[in-house]
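A.B. asks: My structure is below; once you've seen it, I'll send some questions.
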2 protein chains.
Amino acid sequence: MSFVVEATDGAARAGIVRTAHGEIRTPAFMPVGTKGTVKTLLPEEVAALGADVVLGNTYHLHFRPGEDVIEALGGLHAFTGWSGPILTDSGGFQVFSLRDTLAAVDDDGVTFRSVYDGSLERLTPEGVAEIQRRLGSDIAMCLDICPPANVSRHEHEEAVRRTQLWAERQVDAPRAEGQLRFGIAQGGTDPDLRRRSIEGIASLPFDGFALGGLAVGENREEMLDTVGWAAPAFPDDRPRYFMGLGDAEGILEVIARGVDMFDCVLPTRTARTGSALTARGRLNLRNARFARDPRPLEEGCGCPACGGGFSRAFVRHLLNQQEISGLRLLTLHNLWFTLRLTAGARDAISRGAFDAYRADAHASLAAGPEEETWQP
Amino acid sequence: MSFVVEATDGAARAGIVRTAHGEIRTPAFMPVGTKGTVKTLLPEEVAALGADVVLGNTYHLHFRPGEDVIEALGGLHAFTGWSGPILTDSGGFQVFSLRDTLAAVDDDGVTFRSVYDGSLERLTPEGVAEIQRRLGSDIAMCLDICPPANVSRHEHEEAVRRTQLWAERQVDAPRAEGQLRFGIAQGGTDPDLRRRSIEGIASLPFDGFALGGLAVGENREEMLDTVGWAAPAFPDDRPRYFMGLGDAEGILEVIARGVDMFDCVLPTRTARTGSALTARGRLNLRNARFARDPRPLEEGCGCPACGGGFSRAFVRHLLNQQEISGLRLLTLHNLWFTLRLTAGARDAISRGAFDAYRADAHASLAAGPEEETWQP
């Protein structure tokens, strides 16, 4: 088995996913390396932050530099220098979220224009499997149809139907040696459609299962209600992946509902906008009140930025001067924060103390950051 | 004494400059950290490359974030996280090279408009000393007048005269504890003016001496002719610094003429344009012939990029996708190359083999890079 549940605490689970390039401790936050690199960082830094797995985007890697180049260079691990587990998405999310580039969807696949050069391109379940086989990722996601939350019930129903058709074709397609393959359920927050999709996808021999089509515009209460019954509706013995979630509150809540893996650009993208994630919420380091603040981004934090002795004042200076080093320090901090929050949840689950961990973390986040200007 | 010559080989010297924050092995290339950071890197990476000393720009640090902020945060070392020696220039080079912001020069100082907000500002020898005292650098440069090569003899003569007046005022100004202070000679490539300036500056009790106003538009032959007699005209017992030189050919030639220290943005700026410095010249990594090239930037190189297993193909991909990681890998490589070239010169001088080292390095650079496309 590629997945072992080591502990449960309510619906929350702590486990291990075994892949061809190492183990993933769950719950696991997966930093996003869209184009083969976690933005601003090098692989050894990402590993040193405690990340077990990174995500690569099939859509972007297919167009630039192309799976033929990556395969010729020895696959995604050799090409990027990340030697641990890699999960690749299917490209479907980009195709369906960049809706003005979408040309046609039919039962066989989807036709769209590349954001790189406008050329007409097509993805099919077999084609996506083949790209991921050549990339050599450790976990390959199925091609699915991911509509925004606010489309008609008919459109959600078509997404569920075609996602199922495609999953049935992709599940047995050739794969890289040792590559795991995860199915994806759609259906928005409609209980009938979501249940139909989970039952259909879970009937296929996938190594893990994902909730797709959530956090795409519906409100958070609806989303969490859906996760609350939908995550446990997947088989207990395989990992459950919530696609596209990375804020602290959301992470705690989906873990509480039995989700094992999640990913999001939020920590890294927030860093590049100049904000630090902390246990007491976000700090916008461009704020003038940090101009002489000698404290680390977050007191007591052991990340390379805070533990390295870099002050809020220095980070603010770097941001204001468009220095890349500032984006790096914030990226290191934000990923560390998110990975530590997740590792703390794993530990709490193992101790049967997840409810208290979650409540404490929520209370701290709700308290918000101190607002005073530093007085020397 | 703050300087010891350990070995000589012809006019070339190997030595040690002792500062309040550690030793500088000479010949020394000083990476430029204009605004308190070597662009794209963090301090521990710069140290790991083998740099003993970094340069900070007084002009930029004065305006952003200001010496008051840096002093409040404990000085430039604490502020930036670089714990080794720091040399700060005087700001004069920026004032005189940004000529459309120059308002007036008189015997007392120079008035100009800040490039940051257009405000009218003034630098004087005492003012520059005070800024550098508060920054807490290890080596503080004097305010000088640095005209481009092609100005009139009269303008060069005025530069020499005022640079001398200012040096006489700055040499005894208050300084940070343990801070060394270097004088600067001007005079372009005019033998009379340059000799007059060296004699005047060298008559003052400075801890080291710099050749300013070279590599500012004159041809290289004229420049090297001047260095050839001008560097040895400074006292033997103090370090000699060539301001603003960082290409491999130039480094070898000024070392051969008795220069001990030099700095330039060339290695880091070249990296950010997408080119790698190698023993056989520059490689433009954006070139399509590198698209599938599995080799490191430079074969046999031990830098974090080449030693880390990153291929030319991957670096090219990162550059083409505007990924910061690509700029970092090239910056690491180019600084490593420049620092190793300099360390190799130091070693060769100690062995009495500098002529052969220099000839070999020149021959390799002249041969140029191979031009073939990688054939798998």
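Every number in this text was worked out from the coordinates using simple rules, so none of it is lab data. The model shown is predicted, which means the values in this text are computed figures rather than measured ones. Glycine also receives a Cβ, built like all others from the backbone with ideal geometry; neighbour counts cover every protein chain displayed.
A.B. asks: Run lengths n ≥ 4 of DSSP H only: what is the helix-derived mean residue ellipticity at 222 nm for chain A, with -39500 (n - 2.57) per run over all residues, to the nearest 500?
C.D. replies: Values: 14 runs with 148 residues, N = 376.
The helix-only estimate for chain A comes to -12000 deg cm²/dmol at 222 nm.
A.B. asks: Work out how much length B:ALA367 to B:ASP347 would gain on full extension: take 0.36 nm times their residue separation and subtract the Cα-Cα distance, in nm to one decimal.
C.D. replies: 4.8 nm
A.B. asks: Any idea what the relative contact order of the stretch B:270-367 is, in percent, if you count C-alpha pairs under 8 Å spaced at least 6 apart? Display every interim value, and only then the final one.
C.D. replies: Values: 117 pairs, mean separation 30.7, N = 98.
Relative contact order for the stretch B:270-367 comes out at 31 percent.
A.B. asks: Same structure, new question: What's the magnitude of the charge dipole for the stretch A:3-264 around its Cα centre, counting Lys and Arg as +1 and Asp and Glu as -1 at the beta-carbon? Answer in Debye, nearest 20. Write out the running numbers ahead of the final one.
C.D. replies: Values: 24 positive and 41 negative charges, 43 e Å.
Its charge dipole is roughly 200 debye.
A.B. asks: Percent antiparallel among DSSP beta bridges with both residues in the protein assembly as shown, to the nearest 5? Let's see the in-between values first.
C.D. replies: Numbers: 44 of 86 bridges.
Taking every DSSP beta bridge with both residues in the protein assembly as shown, the antiparallel ones total about 50 percent.
A.B. asks: Can I ask one more? Just B:ALA348, B:ALA279, B:ALA72 to compare: in a GNM of chain B, with alpha carbon springs under 10 Å, which one fluctuates most?
C.D. replies: B:ALA72
A.B. asks: Within a 10 angstrom radius of each residue's Cβ in A:239-245, how many Cβ atoms of other chains show up on average? Whole number is fine. Before the final figure, lay out each step's value.
C.D. replies: Working: counts 0, 0, 0, 0, 0, 0, 0.
That average works out to 0.
A.B. asks: Further question: Within the stretch A:82-104, find all residues whose amide N lies under 18 Å from a label point positioned 7 Å from the Cα of A:THR111 along Cα-to-beta-carbon.
C.D. replies: Under cut-off, by backbone N: A:95-96, A:99-104.
A.B. asks: Another question about this same structure. Quick query: amide H of A:THR19 versus all other amide H atoms, modeled in the peptide plane; which residues come in under 5 Å with a sequence gap of 5 or more or a different chain?
C.D. replies: Placed amide hydrogens put A:ILE24 under 5 Å from A:THR19.
A.B. asks: I would also like to ask the following. No partner Cβ under 4.7 angstrom, meaning no disulfide-compatible partner by this rule: which Cys of chain B qualify?
C.D. replies: So, B:CYS142, B:CYS146, B:CYS264, B:CYS303.
A.B. asks: Does the stretch A:59-212 come out rounded, prolate or oblate by the C-alpha gyration tensor, with a ≥ b ≥ c the root eigenvalues, rounded set by a/c under 1.5 and, if not, prolate when a/b is larger than b/c and oblate if not?
C.D. replies: Cα axes put the stretch A:59-212 in the oblate bin.
A.B. asks: If the only charges are +1 at each Lys and Arg Cβ and -1 at each Asp and Glu Cβ, what is the size of the charge dipole of the protein assembly as shown around the Cα centre, to the nearest 20 debye?
C.D. replies: For this selection, approximately 20 debye.
A.B. asks: Moving on to the next point. Please work out the C-alpha center-to-center distance from the stretch B:342-360 to the stretch B:130-192 and express it in whole Å.
C.D. replies: Answer, in whole Å: 31.
A.B. asks: Next up: Note down the relative contact order for chain A as a percent, whole number, built from C-alpha pairs under 8 angstrom at least six residues apart.
C.D. replies: On the way: 770 pairs, mean separation 63.6, N = 376.
So the answer I get is 17 percent.
A.B. asks: Sticking to Cα atoms, compute the Rg of the stretch A:3-264 to one decimal and its Dmax as the biggest Cα-Cα distance, whole number, in Å.
C.D. replies: 17.1, 50
A.B. asks: Shifting gears a bit: Can you find, among B:LEU135, B:LEU73, B:PHE93, the residue sitting farthest towards the positive end of the charge dipole of chain B, where Lys and Arg contribute +1 and Asp and Glu -1 at Cβ?
C.D. replies: B:LEU73
A.B. asks: Restrict the search to the stretch B:51-135; then list the chymotrypsin sites (Phe, Trp or Tyr not before Pro) that DSSP places in a loop and that have at most 13 other Cβ atoms within 10 Å of their Cβ. Intermediate results must be reported in sequence, preceding the final value.
C.D. replies: Values: sites: B:TYR59, B:PHE63, B:PHE79, B:TRP82, B:PHE93, B:PHE96, B:PHE112, B:TYR116; in loops: B:TRP82, B:TYR116.
Here the chymotrypsin sites (Phe, Trp or Tyr not before Pro) that fit, given the DSSP loop and packing criteria, are B:TYR116.
A.B. asks: Could you give me D for the stretch B:298-376, from Stokes-Einstein at 4 °C and 1.567 mPa s, where the hydrodynamic radius is the Kirkwood radius over C-alpha pairs? Units µm² s⁻¹, please.
C.D. replies: Working: Rh = 14.4 Å.
Translational D for this selection: 90 µm²/s.
A.B. asks: Something else about it: GNM on chain B, C-alpha springs below 10 Å: top fluctuator among B:ALA47, B:ALA248, B:ALA231?
C.D. replies: Maximum fluctuation in the GNM of chain B, among the listed residues, is at B:ALA47.
A.B. asks: I want the antiparallel fraction of DSSP beta bridges within chain B, as a percent rounded to 5.
C.D. replies: Rounded to the nearest five, the antiparallel share is 50 percent.
A.B. asks: Using +1 at the Cβ of each Lys and Arg and -1 at the Cβ of each Asp and Glu in chain A, identify which of A:GLY274, A:MET223, A:ASN57 lies farthest towards the dipole's positive end.
C.D. replies: A:GLY274
A.B. asks: Does the protein assembly as shown classify as rounded, prolate or oblate by the C-alpha gyration tensor (a ≥ b ≥ c root eigenvalues; a/c under 1.5 gives rounded; else a/b over b/c gives prolate, otherwise oblate)?
C.D. replies: In terms of gyration-tensor shape, prolate.
A.B. asks: Let me ask you something else. Kindly provide the GluC sites (Glu not before Pro) of the stretch B:137-201 that DSSP labels as loop, not H, G, I, E or B, and whose Cβ sees at most 12 other Cβ atoms within 10 Å.
C.D. replies: Answer in residue order: B:GLU177.
A.B. asks: Here's another thing I want to ask about it. Work out the mean other chain Cβ neighbour count within 10 Å for the residues of B:314-326 and drop it here as an integer. Write down the numbers at each step before the final one.
C.D. replies: Working: counts 10, 0, 2, 12, 5, 0, 3, 8, 2, 8, 9, 14, 1.
That works out to 6 on average.
A.B. asks: Only bridges with both residues in the stretch A:20-123 count here: give the DSSP antiparallel percent, nearest 5.
C.D. replies: 65
A.B. asks: Normalized C-alpha radius of gyration of the stretch B:146-208, against 2.2 N^0.38 Å?
C.D. replies: Rounded to two decimals, the normalised Rg is 1.18.
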